[in-house]
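What follows is calculated from the coordinates using simple rules that are stated; it is not laboratory data. Computed from a predicted model, the values in this text were never measured in an experiment. All Cβ positions, even for glycine, are placed from backbone atoms using ideal geometry, and neighbour counts span all protein chains on display.
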Amino acid sequence: MPRSISLGCSLSPLTGALSLQPLDERIERLGEFDGRFMDDWVVLAPTRWNLRAAIREVNEVMSGCKVKITPSKDLHR
C-alpha cells in the first residue's frame, strides 16, 4: 500500500500545508519570522540564540510529525 502522494498530485500542496501546520504555529509562538513554500522554509531571527531556539523547535516538531530531514539539509550546522 502506498504511503505517499504521487509527485505532481493536486492534493500534494494541501497535505503539505496540513502536515506542517504545527511547525507554522510553533514558529509563530516564538515570535520569529518564517517563510515557507511547501516543505522548504527559512526562519529569520535577530540573534543567533533566537535562531538556535527556533532550530530546536523545528527539530522537535519534525520529530513529532515523524518527518525525516534530508542529511544535506540538516539543521544542526
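Things worth noting here:
- Site pair Leu44 and Ser10 shows an inter-label distance of 3.5 nm when each label is modelled 7 Å from Cα along Cα→Cβ.
- Approximating the spin labels as points 7 Å out from Cα along Cα→Cβ, the Ala53-to-Ser19 distance works out to 2.9 nm.
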